[in-house]
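Asks: Sharing a structure, written as C-alpha cells. Questions coming.
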Amino acid sequence: MSTRTIATLVAMALLAVLPPIFFYTGNAFWLDLATRLTILAIAAVSLNLILGYGGLVSFGHAAYVGLGAYAVGIPAYHWLYGGLESLGLATTSGLVQIPLAMVVCALFALVTGAICLRTKGVYFIMITMAFAQMVYYASVSIEEYGGDDGLVIDTRSELPGLNLDNPIQLFGLAYLSLVVAMLIVRMITRSRFGMVLRGAKGNAERVQMMGLNPYAYRLTAYVISGAMAGYAGALLGNFTTFISPEMMDWTRSGELMFMVILGGASTTGGPVLGAAAFIILEEVLSHFTIYWHLPFGLLLIAVVLFTRGGLMGFFRGRK
Amino acid sequence: MSILETKGLMKSFGGIRATDDLTLSVEQGELHAIIGPNGAGKTTLITQLCGTQMPDAGTIHFKGRDITALAPDKRARLGITRSFQITSLIPDMTVLENIALAVQAREGSSYRFIRAAAGIPAIRDRAMALLERVGLAEKAEIETRALSHGEHRHMEIAIALASRAELMLLDEPMAGLGPEESARMVDLLTELKGQHTIVLIEHDMDAVFALADRISVLVYGHIIATGDPASIRANKEVEAAYLGEEA
Ligand SMILES: Nc1ncnc2c1ncn2[C@@H]1O[C@H](COP(=O)(O)OP(=O)(O)OP(=O)(O)O)[C@@H](O)[C@H]1O
Ligand SMILES: [Mg+2]
C-alpha cells in the first residue's frame, strides 16, 4: 500500500471516529465543523475529477453547489407556501429533491460545458466563472426566493429511515456520501474513460490522433462532476437550512479550487485533506485574530508553492 | 492501387506558400519517402493529411473516400496515424499507459467507466507486446517524461503500431537520434515495411535510399519529382534543388 493510500485511510478513519465522539460528548460545535467539512469535501472531490484528472480549471463550481441547495430549498418553500404542486415540486421529500439537484446540475453542466469546452486556458477559466456569476445574479434577482437575503429552508429533506434534523445522522449521510463519491471518482479515473480524460490533459492533440475526441470525454466528465457537486449542494442546504446567492459567489468557487490544489489534485484523498485543512485552519486562525485572512492566504500560497502536489506531496511514495 | 491521393493541395501562412499545388499519390503497401530542404513544407503536408490543419484548396482522398474536411480523430478511426517530428507523447503517464491508451482507442469504445483499464489483459498484453517490439519493455512502468529522446522516438512508433493503421505518416522518426539508435530505427522500419503503407519524412539520406520504394522531392511546397531511388538519384533537377547542397 502506498503512503498516500495510508494517509487517505487514516484521514477517513479520523473523520469517521471523531464526529460521533463530539456528538456524544455534547460538542455540537465541532460536530458541525466536521459535517460542513465533509460536505465541502464531496464538492472538492467532484471538482477534482475535472480540475485534477481532466486539467480543466473550472472557476465556477460553487454554482453547482448553490443550485443543488436551491433544489432543496425551493420545493420546501412551495410545500410550505403553495405553488408548483402541479409539477410535483412542492415537496420536502429528499427522494425528489436530491435527484432534482443532480439533474438540474447535470443539465447546467451539459449546456454550459458544451460552450466552455470549446475554449482553452484562461478563456476557459473566465467563461466558467462567467456562467457561474450568471447563476449568482439570477438568484439575486428572484425576489420570491429571497433574492439577496437568501431563503430559509424550514423543513429538511425527508428520507426513509433517516432524520436529518438529528446532527449525527446528517453527518453519517454526508460521510457515507463522501466515501461513495471518492470511490466513484477513483473508479472512473482508472477506467478506460478515465485514461482518455487523463491522456487529454497531458496531450490532447496526441489523444485525438489516436482516434479519440477529447471534447466528448471532457464534456461527459464535466456533467458527472456537476451532478456530484449538485448532490453536495443538496446536503449543504440541509446542513445550513439556509441558502443565499453568496454561496455561489466566485470566491466560493475559488475556495473549492484551493481545497483541491492544497490537498493534492488528481489524487483520491487530496481534496478531502485539502477541505479538512482549509476548514480547520480557517476556524483556528479566526480565533486568534480578526485579520486571519492574510496569514491564511499566505499559508495557503506557501503550501501550494513549496509542496509539489499539495499536502499529498508529503506522502510521495511508491505508486 | 493508390491508398492516398492529394490533388492541388494549397496552404499558405501569411505570405508563405507552405503547400503549393501539391499532388501526390501513395500506393498501397509502399514506403513512400518525402524529402526536401528545411522549410519545404513537409510537416505542413502531414498536418493536412492527418487533419490538424485544413488546406486552403485541393482535395485529399483516402481509399477512394474524400476526407478533406474530416476531423483528425475520425481520420484516425479510418486508419491513418502519424508520428510527430517534435515528440508528442503524454508526459505524465507511464510508458505503458501511453501505449495502452493507443491500443484501447483502437479496440472498441472508450466510454467504459467501471473496469480499471490497467486490469484488462487484452489491452495490457498487446501494449506490452508493442513495447517489446520497439525494445522498451523494461521501461513500461516509468513515467514518460523520464525517458530519453531516442526512447521517445521509439514510443512514437509503438503508438503508431498500436493503431493498426493502414497508413502511417512518420515525420522524421530519426530526428536527433545517435548513430546506434538510428540503426535500430532503420531496422524497425525495415520490419514494418510491407506490413503498412508508410509515408516517411526523413533527412537521413542513407536511410531514405535504403528504405524507400519511391521518393518524392518537395521544394517550396511543390513536388518536383517522384520516382524510385535510382531515378531520383539520377535526376538533375533534384540534384540542383536539393541533393546538390548536401554534397
Ligand atoms: N503554423 C504556421 N504558421 C506560420 N508559418 C508556418 C506554420 N507552419 C509552418 N510554417 C511555415 O511553412 C513553411 C513550411 O514549414 P514546415 O514545417 O512544413 O517545413 P518542413 O519541410 O517540415 O521543415 P523541416 O525540415 O525543418 O521540418 C516554413 O516556412 C514555415 O516557417
Ligand atoms: Mg518538419
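The values are calculated or read from the model by the stated rules, or taken from the named source; none is laboratory data. The structure presented is a predicted model; accordingly, all values stated were derived computationally and were not measured. Glycine also receives a Cβ, built like all others from the backbone with ideal geometry; neighbour counts cover every protein chain displayed.
Asks: Which of the residues belonging to region A:62-117 are within 22 Å of A:MET228 (Cβ to Cβ), among the β-branched types (Val, Ile, Thr) and surrounded by 18 or more Cβ atoms within 10 Å (Cβ to Cβ)?
Replies: Answer for region A:62-117, where residues must be within 22 Å of A:MET228 (Cβ to Cβ), among the β-branched types (Val, Ile, Thr) and surrounded by 18 or more Cβ atoms within 10 Å (Cβ to Cβ): A:VAL65, A:VAL72, A:ILE74, A:VAL96, A:ILE98, A:VAL104, A:THR112.
Asks: Any residue at all in region B:201-217 that is of a type in the set (Asp, Glu), within 16 Å of ligand 1 (Cβ to nearest atom), over 18 Å from B:LEU24 (Cβ atoms) and in the same structural domain as B:THR52 (by TED's automatic domain parsing)?
Replies: There is at least one residue in region B:201-217 that is of a type in the set (Asp, Glu), within 16 Å of ligand 1 (Cβ to nearest atom), over 18 Å from B:LEU24 (Cβ atoms) and in the same structural domain as B:THR52 (by TED's automatic domain parsing).
Asks: Report those helices (runs of 4 or more DSSP H) wholly inside region A:181-280 carrying at least 3 residues which are under 20 Å from the mean Cα position of the chain (by Cα). Walk me through it before giving the result.
Replies: On the way: elements: A:192-209, A:214-240, A:250-263.
The helices (runs of 4 or more DSSP H) meeting that bar are A:214-240, A:250-263.
Asks: Do we find a residue being within 19 Å of B:VAL199 (Cβ to Cβ), more than 14 Å from every other protein chain (Cβ to nearest Cβ) and not aromatic (Phe, Trp, Tyr) anywhere in region B:82-90?
Replies: No, there is no match, as no residue in region B:82-90 is within 19 Å of B:VAL199 (Cβ to Cβ), more than 14 Å from every other protein chain (Cβ to nearest Cβ) and not aromatic (Phe, Trp, Tyr).
Asks: Taking the residues in region B:152-168 that are aliphatic (A, V, I, L, M) and farther than 17 Å from B:VAL199 by Cβ as candidates, determine which candidate is nearest to ligand 2 (Cβ to nearest atom). It would help to see each step written out before you state the result.
Replies: Start the filter on region B:152-168 by keeping residues that are aliphatic (A, V, I, L, M), which leaves B:155, B:157-162, B:165, B:167-168.
If we keep only those that are farther than 17 Å from B:VAL199 by Cβ too, we end up with B:155, B:158, B:162.
Numbers: B:MET155: 19, B:ALA158: 21, B:ALA162: 23 Å.
Applying the filter and picking the extreme gives B:MET155.
Asks: Just give me the residues in region B:193-212 being away from ligand 2 (no atom under 16 Å from the Cβ), assigned to a strand (DSSP E or B) and closer than 17 Å to B:SER25 by Cα, in sequence order.
Replies: Result: B:HIS196, B:THR197, B:ILE198.
Asks: Filter region B:38-79 for residues that are more than 17 Å from B:LEU22 (Cβ to Cβ), within 14 Å of chain A (Cβ to nearest Cβ) and away from ligand 1 (no atom under 16 Å from the Cβ) and give the result.
Replies: Result: B:LEU70, B:ALA71, B:ASP73, B:LYS74, B:ARG75, B:ALA76, B:ARG77, B:LEU78, B:GLY79.
Asks: Which one of A:ARG218, A:ARG192, A:ARG186, A:ARG198 is within 14 Å of chain B (Cβ to nearest Cβ), crowded, with 23+ Cβ neighbours inside 10 Å, of a type outside the set (Gly, Ala, Ser) and touching a residue at least 40 places away in the same chain (Cβ under 8 Å)? Steps first, please.
Replies: Numbers: A:ARG218 fails: crowded, with 23+ Cβ neighbours inside 10 Å; A:ARG192 fails: touching a residue at least 40 places away in the same chain (Cβ under 8 Å); A:ARG186 fails: crowded, with 23+ Cβ neighbours inside 10 Å.
A:ARG198 is the lone residue from the list that is within 14 Å of chain B (Cβ to nearest Cβ), crowded, with 23+ Cβ neighbours inside 10 Å, of a type outside the set (Gly, Ala, Ser) and touching a residue at least 40 places away in the same chain (Cβ under 8 Å).
Asks: Among B:ALA116, B:ALA122, B:ALA127, which is buried (at least 23 other Cβ atoms within 10 Å of the Cβ) and either facing chain A (nearest Cβ under 9 Å) or more than 21 Å from B:ALA175 (Cα to Cα) (or both)?
Replies: Criteria check complete, one pass: B:ALA127.
Asks: In the set B:GLU97, B:GLU132, which member is at pLDDT 95 or above and at the interface with chain A (Cβ under 9 Å from one of its Cβ atoms)? Talk me through it step by step, then tell me what you get.
Replies: Numbers: B:GLU132 fails: at the interface with chain A (Cβ under 9 Å from one of its Cβ atoms).
Going through B:GLU97, B:GLU132 in turn, the sole match is B:GLU97.
Asks: Give just the number: which of (1) away from every other protein chain (no Cβ under 14 Å); (2) modelled with pLDDT of 95 or more; (3) within 18 Å of the chain's Cα centre (by Cα); (4) more than 14 Å from ligand 2 (Cβ to nearest atom) does B:SER2 not satisfy?
Replies: Among (1) away from every other protein chain (no Cβ under 14 Å); (2) modelled with pLDDT of 95 or more; (3) within 18 Å of the chain's Cα centre (by Cα); (4) more than 14 Å from ligand 2 (Cβ to nearest atom), the lone unmet condition for B:SER2 is (2).
Asks: Okay, moving on. Can you find even one residue in region B:159-170 that is modelled with pLDDT under 95, assigned to a helix (DSSP H, G or I), more than 24 Å from A:TYR217 (Cβ to Cβ) and in contact with a helix residue (DSSP H, G or I) (Cβ under 9 Å, 6 or more places away or on another chain)?
Replies: no
Asks: Need at least 1 residues that are without any contact (Cβ under 8 Å) to a residue 24 or more places away in the chain per element, so show me which strands (runs of 3 or more DSSP E) inside region B:9-113 make the cut, counting only ones lying wholly within it.
Replies: B:16-27
Asks: Inspect all residues belonging to region B:222-243 and state whether any of them is within 16 Å of ligand 1 (Cβ to nearest atom), out of contact with any Asp or Glu (no Cβ under 7 Å at 6 or more places or on another chain) and at pLDDT 90 or above.
Replies: Yes, the conditions are met somewhere in region B:222-243.
Asks: I've got another one for you. Taking B:ARG82 as the residue in question, decide whether it is charged (D, E, K, R), more than 15 Å from ligand 1 (Cβ to nearest atom) and surrounded by 15 or more Cβ atoms within 10 Å (Cβ to Cβ).
Replies: When the stated conditions are applied, B:ARG82 does not pass them.
Asks: Restricting the search to region B:169-180, which residues are within 16 Å of ligand 2 (Cβ to nearest atom) and either surrounded by fewer than 24 Cβ atoms within 10 Å (Cβ to Cβ) or not assigned by TED's automatic domain parsing to the domain that holds B:GLY39 (or both)?
Replies: Going residue by residue through region B:169-180, those that are within 16 Å of ligand 2 (Cβ to nearest atom) are B:169-177.
Hits for region B:169-180 are B:ASP171, B:GLU172, B:MET174, B:ALA175, B:GLY176, B:LEU177.
Asks: Within region B:114-129, can you find the residues that are outside any loop (DSSP other than H, G, I, E, B) and closer than 16 Å to A:TYR217 by Cβ?
Replies: B:ALA117
Asks: Something else: Considering region B:1-12 alone, what residues qualify as being within 16 Å of B:GLY58 (Cα to Cα) and not aliphatic (A, V, I, L, M)?
Replies: B:GLU5, B:THR6, B:LYS7, B:GLY8, B:LYS11, B:SER12
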